[in-house]
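Trainee: Next up is a structure, given as structure tokens.
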Amino acid sequence: MAETMLEVKNLVKYFPIKKGVFRKTVGWIKAVDNISFEINTGETLGLVGESGCGKTTTALTILRLEEPTSGQIIFEGEDVTRIDKQEMRKKRKDMQIIFQDPYSSLNPRIKIKNIIAEGMETHNLFKDQQTRYRRVGELLERVGIPAKYMDRFPHEFSGGQRQRIGIARALALEPKIIMCDEPISALDVSIRSQIINLLKDLQKEFHLTYLFVAHDLSVIKYISDRVIVMYLGKIVEIAEKKEFFDHTLHPYAQALVSAVPVPNPDYQKKRIILPGDVPSPANPPEGCRFHPRCSQVMPICSKEEPKLYEVKKGHLVSCFLYSKKEESTKS
């Protein structure tokens, strides 16, 4: 049995919609709406979905960079939603993040040696500044940047190099888990594979656990051990990687998988084109949130919200198509 490092229970994150002179709350953006999952020690859990489905908000809320509306975030047996901000700051030594945009995530006025050493100083790692800078040099070399460049500023590096600096910053505190928030989406295609392979190598070397947020399923297929698919703030499918790609169940997940390009010109892959646009998270549809775009919609789909049903061991799907099968096998 794999050991659970992080457990998310019924996590909710709503953002208020304010209008008028007095900034009165007139509604809520339901970015993350009652989701639950686990991350096991040493694994890479891929979190995938369209833009705006709540992937990044989930990662930020786990770190409490966004405060959860409700729910539990249990890290190594402790519910971090119940601790104060000072205690949470200490806890973040073990929980780090690699941001999506390497251009805006690094302070342009600070040399990279100080960007990477800042966390060490905050958490009192290493006894003096000289020792910290020595460690900065080691980390830069490990991520593929010469240590002699540590006195440079971020604008003197390319996008790929800046993301390597961001990775070195995340590693500086020797974390146990890292939230990778689409770490390659802002990079050139030629650089992406290098960063992905670097992350895989670092995971083995430092015994890391990843929550890997992405919208590219081909990347998820390469790096992840398990896959979670989100749609409009909800989890619609969870499965082991091979099981997911071999037996995709949810109609939305099937559409995502059908869009993954296959490097074979002779293979004719059937594309599933979804009608309409993603509804607003401020006013999601009643019942199953995917039903207005689903080709297999049933009357119940617009009335009730489906639960996550375990179709096979470790393979869960939120769809009435499979709940009916589940009920028939039980009876």
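Trainee: Can you confirm whether Phe22 is part of a loop (DSSP other than H, G, I, E, B) and of a type outside the set (Ser, Thr, Tyr)?
Mentor: When the stated conditions are applied, Phe22 passes them.
Trainee: Here's a follow-up. Going through the range 44-62 one residue at a time, which ones are farther than 12 Å from Leu211 by Cα and either free of Cβ contacts under 8 Å to residues at least 40 places away in the same chain or out of contact with any helix residue (DSSP H, G or I) (no Cβ under 6 Å at 6 or more places or on another chain) (or both)? Show your work before the answer.
Mentor: The first filter runs over the range 44-62 and keeps only residues farther than 12 Å from Leu211 by Cα, leaving 49-54, 57, 61.
The answer is Glu50, Ser51, Gly52, Cys53, Gly54, Thr57, Thr61.
Here's the yes/no breakdown for (1) at pLDDT below 95; (2) farther than 30 Å from Asn40 by Cβ:
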site	(1), (2)
Leu125	yes, no
Thr131	yes, yes
Leu140	no, yes
Arg152	no, yes
Glu174	yes, no
Ile177	no, no
Ser185	yes, no
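Trainee: Which of (1) surrounded by 11 or more Cβ atoms within 10 Å (Cβ to Cβ); (2) charged (D, E, K, R); (3) touching a helix residue (DSSP H, G or I) at 6+ places or on another chain (Cβ under 9 Å) is the odd one out, the single condition Arg289 does not satisfy?
Mentor: (3)
Trainee: Tell me, please, whether a residue that is of a type in the set (D, E, K, R) and under 19 Å from the mean Cα position of the chain (by Cα) can be found in the range 96-104.
Mentor: Yes: one or more hits.
Trainee: Any idea which residue in the range 262-276 is modelled with the lowest pLDDT, counting only those that are surrounded by 10 or more Cβ atoms within 10 Å (Cβ to Cβ) and of a type in the set (Val, Ile, Thr)?
Mentor: The selected residue is Val262.
Trainee: Does Val8 count as among the β-branched types (Val, Ile, Thr), crowded, with 16+ Cβ neighbours inside 10 Å and either assigned to a strand (DSSP E or B) or over 20 Å from the mean Cα position of the chain (by Cα) (or both)?
Mentor: Numbers: among the β-branched types (Val, Ile, Thr): yes; crowded, with 16+ Cβ neighbours inside 10 Å: yes; either assigned to a strand (DSSP E or B) or over 20 Å from the mean Cα position of the chain (by Cα) (or both): yes.
Judged against the criteria, Val8 is a match.
Trainee: Can you tell me which residue among Ala255, Ala259 is of a type in the set (Gly, Ala, Ser), at pLDDT below 90 and surrounded by 14 or more Cβ atoms within 10 Å (Cβ to Cβ)? Show your work before the answer.
Mentor: Values: Ala255 fails: at pLDDT below 90.
When all the criteria are applied, what remains is Ala259.
Trainee: If you scan the range 88-139, which residues turn out to be farther than 17 Å from Glu174 by Cβ, part of a loop (DSSP other than H, G, I, E, B) and of a type in the set (S, T, N, Q)?
Mentor: Within the range 88-139, Gln100, Ser104, Ser105, Asn107 qualify.
Trainee: Look through Lys24, Lys19, Lys55, Lys13 and report the one residue that is in contact with an Asp or Glu (Cβ under 7 Å, 6 or more places away or on another chain) and either of a type in the set (Lys, Arg) or surrounded by 19 or more Cβ atoms within 10 Å (Cβ to Cβ) (or both).
Mentor: Lys13
Trainee: Right, here's the next one. State which residue pairs qualify: first residue within 16 Å of Met120 (Cβ to Cβ) and inside the range 166-179, second residue surrounded by 21 or more Cβ atoms within 10 Å (Cβ to Cβ) and of a type outside the set (A, V, I, L, M, F, W, C) in any location, beta carbons under 6 Å apart, and separation of 6 or more residues or different chains.
Mentor: Gly166/Pro102; Ala170/Gln96; Pro175/Gln96
Trainee: Within the range 191-226, take every residue that is closer than 14 Å to Ile178 by Cα and of a type in the set (S, T, N, Q) and give me the one that is surrounded by the fewest Cβ atoms within 10 Å (Cβ to Cβ).
Mentor: In this case the residue turns out to be Gln203.
Trainee: Pull up the range 94-119, narrow it to residues that are farther than 14 Å from Arg162 by Cα and in contact with a Leu (Cβ under 7 Å, 6 or more places away or on another chain), then point me to the one that is surrounded by the fewest Cβ atoms within 10 Å (Cβ to Cβ).
Mentor: Only one residue fits best here, namely Gly119.
Trainee: Evaluate the following for Val229: is it buried (at least 23 other Cβ atoms within 10 Å of the Cβ) and among the aliphatic types (A, V, I, L, M)?
Mentor: Spelling it out, Val229 is indeed buried (at least 23 other Cβ atoms within 10 Å of the Cβ) and among the aliphatic types (A, V, I, L, M).
Trainee: Right, another one. Output the number of residues of the range 63-87 satisfying the condition of being among the aliphatic types (A, V, I, L, M), in contact (Cβ under 8 Å) with a residue 12 or more places away in the chain and surrounded by fewer than 16 Cβ atoms within 10 Å (Cβ to Cβ).
Mentor: Here is the first cut: in the range 63-87, the residues among the aliphatic types (A, V, I, L, M) are 63, 65, 73-74, 80, 83.
When the remaining residues are screened for being in contact (Cβ under 8 Å) with a residue 12 or more places away in the chain, the result is 63, 65, 73-74, 80.
Those left that are additionally surrounded by fewer than 16 Cβ atoms within 10 Å (Cβ to Cβ): 65.
So the count comes out to 1.
Trainee: I would also like to ask the following. Scan the range 225-238 and give yes if some residue there is more than 29 Å from Ile29 (Cβ to Cβ) and under 15 Å from the mean Cα position of the chain (by Cα), otherwise no.
Mentor: Initially, the range 225-238 is screened for residues more than 29 Å from Ile29 (Cβ to Cβ), giving 225.
Filter once more, so that each one left must be under 15 Å from the mean Cα position of the chain (by Cα): 225.
Yes, the range 225-238 contains a residue that is more than 29 Å from Ile29 (Cβ to Cβ) and under 15 Å from the mean Cα position of the chain (by Cα).
Trainee: Among the candidates Ala147, Ala186, which residue alone is touching an Asp or Glu at 6+ places or on another chain (Cβ under 6 Å), free of Cβ contacts under 8 Å to residues at least 12 places away in the same chain and over 30 Å from Thr4 (Cβ atoms)?
Mentor: When all the criteria are applied, what remains is Ala147.
The values are calculated or read from the model by the stated rules, or taken from the named source; none is laboratory data. Remember, predicted model here, so these are calculated numbers, not experimental data. Because the Cβ atoms are built from the backbone with ideal geometry, glycine has one as well, and the counts that use them run over all protein chains shown.
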